Amino acid sequence: MSTLAELHEAAIMHNLFLRYQKNNIYTNIGSILAAVNPYKQIAGLYDSTAVDLYSKHQMGELPPHIFAVANECYRCLWKRHDSQCVLISGESGAGKTESTKLLLKFLSVMSQNSSGTPLSERTTRVEQALVQSSPIMEAFGNAKTVYNNNSSRFGKFIQLHFSQNGNIQGGCIIDYLLEKNRVVRQNPGERNYHIFYALLAGADKDHRDTYLLSEGPESYHYLSQAGCVQDSSLDDKQLFNSVMEALKVMEFSEEEIRDVFRLLSAVLQMGNIEFMTAGGAQITSNGVVSNVSELLGLDTFQLSEVLTQRSMILRGEEICSPLTVEQAVDSRDSVAMALYSQCFSWIIMSINQKIKGKNNFKSIGILDIFGFENFEVNRFEQFNINYANEKLQEYFNKHIFSLEQLEYNRSKQNAPIHII
């Protein structure tokens, strides 16, 4: 696209539109790959034939494709003798999460086909774990927003460690900026994290009794407040089955799975704790507090005290003062957000233990940043997310344009001189 005669925003958008109409969703802009989400399946675009084709050619020899970027990263480990990184940026719904999966797919195939790798190691536990971790991370970290039915509400950096032979021998997932605020409140037309609806849709009667669950999401304030508990494009029951299968393949124990779902149920029920003013905030839904205490293994009286009173140490003496109803609601929501955040961090930590391996050569990093969102009410968390995105995009643009300027200067120096 950098060879266009007229290089401005209108020309770029028109060129992308013409290519999109022909199902050419990828376009090169210098060393940048622009991708347009087709919102449909394009036959043959990502099959094994495409993987094999792009693995045998250098970038620029074939039409633009995300596999060409993945192949260039893989080859540059030895060509440049340095680790590589791919930055995936764009608006919410642009297809960043799917692009991450495609990069992992290509690199996994290259790892399995690498020369010098014993047959017994062609398919490693790291590759299998990375593939199986996707449903888990999406269920716990993705949600329906106004712009996207499967929006990642956390950022992640996936690092793959390669051996000298070219196979993946270890990995690490680093998460950042989980949107904790979504656990307790959502904008109209949006939903909470997928896993809550999946649990309610997929749990059988025995599980409902174990986790003290009600019938549907309408029963829970944290799920029903935005007026959107279901979406025709989302199959919550199927997601629950996928998550359960992934957890078992990832070797989470039955006790660990049970504890995770008990915590999720406790978070849901915590949103139904209500207060009234009587010399300070007083809990009016004692049955709900009892359920939450049982699920978390806490003392009911102590939990009630934590939610309705503030304690501080003054000159070595503990002083307690009652909270107002508004403060008690904030206290309740803060506990729910902290519980979910710690649960999410523990899941990522457990996945990292499964994919941990040697780090004695080079690595390829994949940074999947948040989608840009502009809500009617941009809370502090969303402001931080957008700010982080803008800083990453600014660094990316500066770095890429610096490289292009160096290439331009180099081409000028090497240009032939004509004497007239």
Whose amide H sits under 5 Å from the amide H of ASN150, counting only residues 5 or more places off or on another chain, with H placed in the peptide plane?
THR145
Likely footprinting exposure, PHE383, PHE261, PHE67, fewest C-beta neighbours within 10 Å first
PHE383, PHE261, PHE67
Charges on Cβ only, +1 for Lys and Arg, -1 for Asp and Glu, centred on the Cα centroid of the stretch 235-336; of ALA278, LEU298, VAL288, which one is farthest towards the dipole's positive end?
ALA278
Sorted peptide list for 139-149, 239-249, 225-235, criterion being average Cβ within 10 angstrom, highest first
139-149, 239-249, 225-235
Hey, any idea what the orientation-averaged projected area of the convex hull of the stretch 177-223's Cα atoms comes to, in nm²?
3.7 nm²
In terms of the charge dipole of the chain, which places +1 on Lys and Arg and -1 on Asp and Glu at the beta carbon, the residue among MET110, ILE88, HIS57 farthest towards the positive end is HIS57
Give me the three principal axis extents of the stretch 148-261 from the C-alpha atoms, as integers in angstrom, largest value leading.
55, 33, 24
Remind me, relative contact order of the chain in percent, using alpha carbon pairs under 8 angstrom and six or more residues apart?
20 percent
Pair ALA11, GLU390: separation of 7 Å Cα→Cβ label points (nm):
2.9 nm
Label assignment, semi-axes √(5λ) of the Cα gyration tensor in Å derived from the structure, set [x] 36, 25, 21; [y] 43, 27, 21; [z] 46, 25, 21:
[z]
With a 10 Å radius around each residue's Cβ, average the other Cβ atoms per peptide and rank 356-368, 74-86, 7-19, 180-192, highest first.
180-192, 356-368, 74-86, 7-19
Isotropically averaged projected area of the stretch 253-378, using the convex hull of Cα atoms (one quarter of hull area), nm²
13.5 nm²
Select from GLU179, GLU251, GLU138 the residue whose mean-square fluctuation is largest in a Gaussian network model of the chain (Cα-Cα springs shorter than 10 Å).
GLU251
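Since every read-out is calculated from the coordinates, none of them should be taken as a lab result. Note that this is a predicted model, so its numbers are computed, not measured. With ideal geometry, Cβ positions are generated from the backbone for all residues, glycine too; neighbour counts draw on all protein chains shown.
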